[in-house]
Amino acid sequence: MRNPPDSRRAKLFSTLLATRPAQLPWMVLVRNTAAVVLPLVWGIGSGNVLAGIAVSIGALVTMYSDEPGPYRERLTRLLAVSAAGGLATFLGLTLNHHLPALLLASLAIGFLGALLVAFGDAIARVGMTSMILLVIATDLPAPTLAAALHLTADVTAGGLLLTLFSIAAWPLQRYGPERAALSTVYRGLAAMARRGTHDDGSALELTGGMTDLQHTLLGPHRARGPVMEYFGVMLELAERIRLELIALGAQTLDAQIGPLVQREAAAVLDAIAEAIVAGGDPARAMSGAVRALQSAERRAAGQEASVPSAPWRHLQALSGQLAAAARNAARAGIQGAKRAVDEDRQLPSALRPQSSLAVFTASLTPRSAAFRHAIRTAVCFSLALWLGRILPIKHGYWLPMTVAIVLRADYAGTLSYGLLRMAGTVLGLVLTTALVLVLPANAWIHLAVLAALCAGYRYLGNVHYAAAVACLTGLVVLLLAFVGERPEPTVIARLVDTVLGSVVALAAYGLWPTWEKGRAREMVAQSLQAYAAYLASIATGEAPERHAARQGARVARINAEASVKRLLAEPATPPALAELAQSLLTNGNRLARAIMTLEALIPQHGRLAGGAATQSLVLDGAAALREVADALSTHRAPGQLPPIRALQRHLARTLEAAPASGAAAELVGTCDRVVDSIDTLAHIVSRATSAALVTQPA
């Protein structure tokens, strides 16, 4: 069943008009713009305009690699972009007049550059920058080897200048990215508490922020320093606070507990977040809220029987964790105490990345989406470069540059960037025409307008790509005007090259498509396998193993959600397939919440009569989930599953025979949710055996 024309047109207009919230810090905007504009100021003032333009180009193409994150990681990424860009520039300059050799170089750089998508978007930008600078260099004058080396040094210097601006605050604002990531998570916890405790999936909204924080604090490029130990404590406390909020979300709260959580807990979490980034001692701001929670605890302890009810028990745990977070927030803030950090601290085993060599080797197969993307990019990039050289169009390098930017590893991304780039170029044509008519012939006025366009390009890049391209079009035209290029033919040439490049990129998917429906199955299956590992860790693992498994489940869930999102954006995705993918995600998320609640109950397990029965149920539930995931991955219906429903009923009878306990009733209810979620997932996979999600990959 195909999507009706109206639906396709609606998706098209949605792609062109959709915007995202601006997330670029003003300091990044200022330093990126300065790195592009200052070399031009130097070039105009010294009479060495070509060198100034070369440095500005190096900074301009490196700009989007300046992303938030630990300073050490940022430095490594930007140096890699600068070095790869310098090498590509030298090849473009020296091979410019030897077309066969240039095409061979474009094939190699296109393949290797696109293959970097296997390492993530941040690393993939290294390859994209190399492709862009290779073709830009073919339009720069370098009659001798010495001139080529000089221009290469200028372009590389632009990337290094932007790198210097990016890390200039390292000695002054040490741990700034770490504190920002930690504060974001605690603000997210405050919002989660403030919304209330209904089980509506709000716990999963923190997934991205928690994963970013985990990477920032424990990743291979993490900062070293005495305060890092306190950041680690705050990370673990955030995890425990979230678990208690999830556990409270599974309860029916009375009129006293609900407002306490929403008002007092949220106030404490907001104060912690503020203390982390602003420094100082948060105790004064938080003391009233903490006292209110602790007072409620004492009243409950005096009113309840020997075993308090489940909501009050979780409130007590939450109060203790909030108090601990408040104590440590002062130490993790800017004025925090200094202590030695463990240099050997590593990522949890479930999150340790494979070696670069292992990832690279695994990607060198036609079964790999990264390999197919690399082949497609290399061929299209070289074809576009050849067309740009033989067609009678000015600045033909824009054609392969458009291919390098537009051609993505997925159809939806390629279609979106292609359409937005063409629309942005048309907008830029109108903008530049207006600028040509209005601006006086003054280099410094042109430079001021160029600075504004550069800032607009950087700011709008993550808001609306077409608007950003419109700014870039005007920027490039003004940049070329500094070396005597007339604006009118430059704008027309850019429009023609952009349309041709976008058509080449979109045609590549028509000839050799890589549809997400061939990958979504495996991504969802991997998320279910990660949930199974997390569930098993509840029964057998100590706290570090549970933490690692929980992190692994979080990462797998993000990957699956992104894959299904791309699947839904592809054309001609059958509605039944879309519904199936969303059903698997929804029920998988429901299972994840139940497992988190079960983990929050761990302190009670040892005091319950059904400890052995609980362990048996959890382990068999994990085995059943692994079978469901394997069935999804191998295109079959699930086989005979362990009798987890019978085990759940046996556990319920065992606990009912024991003395009354609120914890026992809560455990029974949570295990029932786990079993029900696994059974539902098994039913969905069985029903969908013949659907597109479980067919052979495209």
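Would you confirm, using the coordinates I've provided, whether residue 418 is touching a residue at least 60 places away in the same chain (Cβ under 8 Å) and not assigned by TED's automatic domain parsing to the domain that holds residue 31?
Working: touching a residue at least 60 places away in the same chain (Cβ under 8 Å): yes; not assigned by TED's automatic domain parsing to the domain that holds residue 31: yes.
Against the criterion (touching a residue at least 60 places away in the same chain (Cβ under 8 Å) and not assigned by TED's automatic domain parsing to the domain that holds residue 31), residue 418 qualifies.
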State yes or no: is residue 376 closer than 22 Å to residue 119 by Cβ, free of Cβ contacts under 8 Å to residues at least 40 places away in the same chain and assigned by TED's automatic domain parsing to the domain that holds residue 451?
no
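Out of 468, 441, 455, 451, which single residue is modelled with pLDDT under 80 and not assigned by TED's automatic domain parsing to the domain that holds residue 66? So that I can check it myself, show each step before the final result.
Working: 468 fails: modelled with pLDDT under 80; 455 fails: modelled with pLDDT under 80; 451 fails: modelled with pLDDT under 80.
Step by step, each of 468, 441, 455, 451 is checked, and only 441 is modelled with pLDDT under 80 and not assigned by TED's automatic domain parsing to the domain that holds residue 66.
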Those residues of the stretch 155-181 which are at pLDDT 80 or above and of a type outside the set (Phe, Trp, Tyr), in sequence order
155, 156, 157, 158, 159, 160, 161, 162, 163, 164, 166, 167
Would you say residue 510 is surrounded by fewer than 17 Cβ atoms within 10 Å (Cβ to Cβ) and either under 30 Å from residue 117 (Cα atoms) or in contact (Cβ under 8 Å) with a residue 24 or more places away in the chain (or both)?
yes
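How many of the residues in the stretch 392-416 are in a loop (DSSP other than H, G, I, E, B), among the small types (Gly, Ala, Ser) and in contact with an Asp or Glu (Cβ under 9 Å, 6 or more places away or on another chain)?
Keep residues of the stretch 392-416 that are in a loop (DSSP other than H, G, I, E, B), which gives 392-397, 407-410.
The next check asks that each one be among the small types (Gly, Ala, Ser); those that pass are 396, 409.
With in contact with an Asp or Glu (Cβ under 9 Å, 6 or more places away or on another chain) added as a condition, the list becomes 396.
Selection size over the stretch 392-416: 1.
In the list 632, 625, 617, which residue meets the criterion of being at pLDDT below 90, touching a helix residue (DSSP H, G or I) at 6+ places or on another chain (Cβ under 9 Å) and under 12 Å from residue 681 (Cβ atoms)? Step through it out loud before you land on a result.
Numbers: 625 fails: at pLDDT below 90; 617 fails: under 12 Å from residue 681 (Cβ atoms).
None of the others qualify; the one that does is 632.
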Kindly establish whether residue 61 is touching a Phe, Trp or Tyr at 6+ places or on another chain (Cβ under 9 Å) and β-branched (Val, Ile, Thr).
no
Listed residues 425, 432, 473; which is surrounded by 19 or more Cβ atoms within 10 Å (Cβ to Cβ), of a type in the set (S, T, N, Q) and touching a residue at least 60 places away in the same chain (Cβ under 8 Å)?
425
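The values are calculated or read from the model by the stated rules, or taken from the named source; none is laboratory data. Everything quoted here is computed from the prediction, not taken from an experiment. Neighbour counts run over all protein chains shown; Cβ positions are idealised from the backbone, glycine included.
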